[in-house]
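These notes are about the structure you will find just below.
The values are calculated or read from the model by the stated rules, or taken from the named source; none is laboratory data. The shown structure was predicted, so the numbers you read here are calculated from the model rather than taken from an experiment. All Cβ positions, glycine included, derive from the backbone under ideal geometry; neighbour counts span all protein chains shown. Accessible surface areas use protein heavy atoms only, side chains included; no ligands, DNA or RNA. Shrake-Rupley method; radii C 1.70, N 1.55, O 1.52, S 1.80 Å.
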Amino acid sequence: MSDGCFWLSDEQFSKLQPLLPTNTRGKPRVDDRRVISGIIHVLKSGGRWIDAPDVYGPRKTLYNRFVRWS
């Protein structure tokens, strides 16, 4: 994975995984671990959503999930 980016460890993600939705309809979900890592990266860096690195997936997805989950 990319240097300078935040990634959840296996242990951290295993604690969050049971809390995530599993029965979604429509388009397949973007990888939850990648999206949560991206959200944390943006919050820790204090940057804008649009400036999130590409490795975290679509920036609009990061923002939409953050707003929906908060």
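So the values come out like this:
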read-out	value
Hits in segment 5-31 - residues which are in contact with a Pro (Cβ under 9 Å, 6 or more places away or on another chain) and touching a residue at least 12 places away in the same chain (Cβ under 8 Å)	CYS5, VAL30
Filter result (in a helix (DSSP H, G or I), open to solvent by less than 60 Å² (accessible area, probe 1.4 Å) and under 11 Å from PHE6 (Cβ atoms)) within segment 40-70	ILE40, HIS41, VAL42, VAL55, TYR56
Condition met for VAL35 (of a type in the set (A, V, I, L, M, F, W, C) and in contact with a Ser or Thr (Cβ under 8 Å, 6 or more places away or on another chain))	yes
Restricting segment 3-24 to residues that are open to solvent by 100 Å² or more (accessible area, probe 1.4 Å) and in a loop (DSSP other than H, G, I, E, B), the residue that is farthest from SER45 (Cα to Cα)	ASN23
Some residue of segment 25-39 being modelled with pLDDT under 95, over 9 Å from the mean Cα position of the chain (by Cα) and assigned to a helix (DSSP H, G or I)	no
